[in-house]
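Note sheet for the following structure.
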């Protein structure tokens, strides 16, 4: 029995931050997938943890960033568990990874074979589930399936570079391509049905084990995405799709030059005119997938850092007010309780704080940021509030051990003094210190639980290569780790018992 979505932060909990792609891969075939999810859930349950936080599950571009997906609704088909397809009788062992130029091509070929076998079994019971899924998700699935099939047909070219008729969605061109790529479009729908089926099975299993799923929703969407292609009136792009302004952030902790993202800014007046229907549908999808949802870059709901398309760097941007208050009011009226966490790190104004507090949304605190400055640092444990999610570090930080080892000796001494855990070494001293927080939810990245140092970072903000590829091995979860975590979660009253 699991808590309802409205009860995720009803009591003291602890959880682990681990992207699905960081799970060990089956037969070393690329990044992790759903195949290892239930085994990891068992580890969480054995460790006294009750929350699994993941990163966005959408289809990524070649840089693998889960924050620049080709859809804000669809799932990444490369996460599909191939063994599940074999068990369904749709995938044989005739395809071998070595036959293909990449693991991605191999996995897509496996999905194609599964789709073909599925179609050859018209009486299979799964056909009913397939039709129900297509009906329930028609609003976004139709455009995403066309977008993906056309993109594959163009060998991955961005939609802005397609021939003008398809780029601009001329009805005759769309009708013709739908006939030409009919099978490919239907395969994409099949892939999404399988993705959602597998994830719902994982979610059900997690709830049975007392584990809640904590997802992540980027505020913006990628320019090269089905959303912008199909709904460009909701974005600051011209009629041919070229962005006029991009979103980003000014200089901060992660980048001295700021960050220029490949995400167009929203055309907020159009969203307001339509009653924020696009956002209602987007959040509905997220609530179907997760029990709790982090809004990345929550600050952008108060004001967005807008950068002219031809500026070339983030320093040329400016803050532009956004109707976040009206948006959240609309979402609250539609859904009631909002199972959201505000990512409110970085330069946060009083207006952003008031927006978060008005809707009683938990904010975030990162302990790696707590030791600069004096006793007024808001991330120090004595300043934590119950309605907060506290981390030792996030997916954008280096591991806690690497962070600590890179500090000057004087700063290491300050950290040790404030933590005051002389019998524990880093990172366990900071983990124990963080679990003692008054905050209802503490999240620990898996790298910290494994006491990993330099070379195990997941992402370095402001860079576009070498990220999102880190994985652990199952044997690393042994050697008494679950028992040690059980003791910690019990001592800090973070175990949640289910009958």
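When residue 362 is tested against (1) surrounded by fewer than 21 Cβ atoms within 10 Å (Cβ to Cβ); (2) in contact with a strand residue (DSSP E or B) (Cβ under 6 Å, 6 or more places away or on another chain), just one condition goes unmet, and that condition is (1).
Within the range 285-294, is there a residue that is on the phi < 0 side of the Ramachandran plot, touching a helix residue (DSSP H, G or I) at 6+ places or on another chain (Cβ under 6 Å), in contact (Cβ under 8 Å) with a residue 40 or more places away in the chain and in a strand (DSSP E or B)? Within the range 285-294 (the criterion being on the phi < 0 side of the Ramachandran plot, touching a helix residue (DSSP H, G or I) at 6+ places or on another chain (Cβ under 6 Å), in contact (Cβ under 8 Å) with a residue 40 or more places away in the chain and in a strand (DSSP E or B)), the answer is yes, since at least one residue qualifies. Scanning the range 300-322 for residues that are assigned to a helix (DSSP H, G or I) and in contact with a strand residue (DSSP E or B) (Cβ under 8 Å, 6 or more places away or on another chain), we see that the one that is surrounded by the fewest Cβ atoms within 10 Å (Cβ to Cβ) is 316.
Here 147, 106 are screened, and the one residue that is under 27 Å from the mean Cα position of the chain (by Cα) and more than 17 Å from residue 184 (Cβ to Cβ) is 106.
Identify the residue in the range 202-244 that is part of a helix (DSSP H, G or I) and outside the structural domain of residue 170 (by TED's automatic domain parsing) and, among all such residues, is surrounded by the fewest Cβ atoms within 10 Å (Cβ to Cβ). It comes out as 233.
Where helices (runs of 4 or more DSSP H) fall entirely within the range 397-477, those with at least 1 residues that are in contact with a strand residue (DSSP E or B) (Cβ under 9 Å, 6 or more places away or on another chain) are at 400-405, 428-435, 446-449.
Hey, among the residues in the range 455-485 that are more than 27 Å from residue 406 (Cα to Cα) and touching a residue at least 40 places away in the same chain (Cβ under 8 Å), which one's farthest from the chain's Cα centre (by Cα)? Applying the filter and picking the extreme gives 482. Would you confirm, using the coordinates I've provided, whether residue 393 is touching a helix residue (DSSP H, G or I) at 6+ places or on another chain (Cβ under 6 Å), under 25 Å from residue 212 (Cβ atoms) and part of a loop (DSSP other than H, G, I, E, B)? Yes: the conditions hold for residue 393. Between 385, 337, the distinction of being at pLDDT below 95 and within 23 Å of the chain's Cα centre (by Cα) belongs to 337 only. How many residues, within the range 144-165, are surrounded by fewer than 19 Cβ atoms within 10 Å (Cβ to Cβ) and in a helix (DSSP H, G or I)? The qualifying residues number 6. Name every residue in the range 75-101 that is free of Cβ contacts under 8 Å to residues at least 60 places away in the same chain and part of a loop (DSSP other than H, G, I, E, B), in order of residue number. Once the filter is applied, which keeps residues that are free of Cβ contacts under 8 Å to residues at least 60 places away in the same chain and part of a loop (DSSP other than H, G, I, E, B), the range 75-101 yields 88, 89, 90, 91, 92, 93, 94, 95, 96, 100, 101.
The values are calculated or read from the model by the stated rules, or taken from the named source; none is laboratory data. Keep in mind that what you see is a predicted model, and the values were worked out from it rather than measured. All Cβ positions, glycine included, derive from the backbone under ideal geometry; neighbour counts span all protein chains shown.
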